[in-house]
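The values are calculated or read from the model by the stated rules, or taken from the named source; none is laboratory data. Just so we're clear, the structure is a prediction, and the values are computed from it rather than from any experiment. Cβ coordinates were reconstructed from backbone atoms using ideal geometry, including for glycine residues, and neighbour counts include every protein chain displayed. Accessible surface areas use protein heavy atoms only, side chains included; no ligands, DNA or RNA. Shrake-Rupley method; radii C 1.70, N 1.55, O 1.52, S 1.80 Å.
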Amino acid sequence: MRVTVNGETRDVAAGLTLTAFLASIGVDASNVAVERNREIVPRSDYDATALREADQLEIVQFVGGG
Amino acid sequence: MDDAITPNQPIAADLLSIAGRTFRSRLIIGTGKYKNYAQNAAALQASGAEIVTVAVRRVNLTDPGQPRLVDFIDPATTTYLPNTAGCFTGEDAVRTLRLAREAGGWDLVKLEVLSDPKHLYPDMAETLRAAEMLIREGFQVMVYCSDDPVYAKRLEEVGCCAIMPLGAPIGSGLGVQNPVNIRLIVEQTQVPVIVDAGVGTASDAAVAMELGCDGVLMNTAIAEAKDPVRMARAMRHAVIAGREAYLAGRMAKKRYADPSSPLAGLI
């Protein structure tokens, strides 16, 4: 199935959890925040959150800024 | 000698308090524009700052192994102050800072809602609206603002925990352009006033502190110095010097000379 992650379309296995998805793309979940369809997903819910067709994900982190 | 003057009296008692958190340093530095995060971390150490501003951006998925700010500046020992750089509406700001709160777990934030990229002046009407939205959501809002005392008062009235007027346009390094307004804001404000933006060199930071500001926030002045670590150290001294001079109370200005050596006893 297809999801959009940070503006890019990706193919992922149906039913993949957010935890598994982050691991699959090499992202350390400890210092990021995830928004799914404009709603924040609390870190404690990553294991229980299964991705769905056409989900829109934003994965952000802190970077240098003024 | 009960009344002995202690020449190096520590200034530890002179703490900066923002939204219930206390800091020894009155210097806040940005984390943008450095050559790399290692240089940024070295500058932070030299500056003595305890708060850094940070931005919230998408993780680079094509190269998730890139260096991360958190690996160089530890959020457990340095207070991260997430900003809303790049946001032009209250809704953008709220969305960005909700993500920041989830990523970091803290609610002290820097609100900046800009307008025209040419001057990067804050859009004050939208800044005020965004501040109200964020405060309703439980954020502690340190707000970047113009040096307009009227808007500064309104931002304080809606509950911002620090008022941060610009000294000059962001990244310009022009120094405090309107000391009259900065002083008016300092005099009327009960929460900390921190000059944010416009500092170019150490004397600019000292000027801001001598006006009675509670702190100074800067990024480019350090990051774009030829030797950022050395400039960070200079800023540390400038902020302390300016603060001490403000607390000491400067002498009155006079129109004519006044000799320092006694006239009596001249040979």
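Positive end of the dipole of segment B:185-230 (Cβ unit charges, origin at the Cα centre): among B:218, B:192, B:229, the Cα lying farthest that way belongs to B:229. Hey, got a sec? Which GluC sites (Glu not before Pro) in segment B:184-267 land in a DSSP loop and have at most 16 other Cβ atoms within 10 Å? The qualifying sites are B:224. What shape does segment B:188-260 have by the C-alpha gyration tensor, where a ≥ b ≥ c are the square roots of the eigenvalues, rounded means a/c under 1.5, and otherwise prolate means a/b greater than b/c and oblate the rest? Note, shape of segment B:188-260 comes out oblate.
Distance from the C-alpha centroid of segment B:86-145 to that of segment B:197-214: 24 Å, rounded to the whole angstrom.
If R₀ is 56 angstrom, what is the calculated FRET efficiency for the pair residue A:23 and residue B:250, using the beta carbon separation as r and rounding to 0.05? Result of the calculation: an efficiency of 0.40. Can you pull out the buried accessible area for chains A and B, both sides counted, probe 1.4 Å, rounded to the nearest 100 Å²? Interface area, both chains combined: 2600 Å², rounded to the nearest 100.
With contributions of -39500 (n - 2.57) from each DSSP H run of at least four residues, the per-residue ellipticity at 222 nm computed over the protein assembly as shown stands at -9000 deg cm²/dmol.
With a Förster radius of 41 Å applied to the C-beta separation of residue A:14 and residue B:66, the computed FRET efficiency comes to 0.85. Rounded to the nearest Hz, the phi-derived 3J(HN,Hα) couplings of segment B:100-108 under the Karplus curve 6.51 cos²θ - 1.76 cosθ + 1.60 (θ = phi - 60°) are 4, 5, 5, 5, x, x, 10, 10, 7, where x marks glycine and proline.
By the compact-protein rule of thumb, 2.2 N^0.38 Å, the alpha-carbon radius of gyration of the protein assembly as shown corresponds to a ratio of 1.15.
Between residue B:158 and residue B:19, the modelled labels are 1.5 nm apart [label points 7 Å from Cα along Cα→Cβ]. In loop segments of chain A as defined by DSSP, the trypsin sites (Lys or Arg not before Pro) with at most 10 further C-beta atoms inside 10 Å of their C-beta are A:38. Solvent-accessible surface of the protein assembly as shown, taken per residue with a 1.4 Å probe and all protein chains present: 49 Å².
Proximity of backbone amide H atoms, modeled 1.01 Å from N, is registered between residue B:54 and B:81, B:83 at under 5 Å, excluding neighbours fewer than 5 places apart on the same chain. The mean sequence separation of alpha-carbon pairs under 8 Å and at least six residues apart, normalised by the residue count of chain B, gives a relative contact order of 18 percent.
Interface residues of segment B:87-120, defined as those with an accessible-area decrease of at least 30 Å² between the chain by itself and the complete set of protein chains (probe 1.4 Å), are B:95, B:99, B:102, B:103. Residues within the reach of a label modelled at residue A:56 (point 7 angstrom out along Cα to beta-carbon, backbone nitrogen below 19 Å), restricted to segment A:19-41, are A:33-41. With the full set of protein chains in place, find how many percent of the accessible area of the protein assembly as shown is carbon and sulfur; take the probe as 1.4 Å. For the protein assembly as shown, the apolar C and S fraction of the accessible surface comes to 51 percent. For the residue pairs B:110/B:226; B:110/B:153; B:226/B:253; B:33/B:153, alpha carbon separations beyond 24 Å are given by B:110/B:226; B:226/B:253; B:33/B:153.
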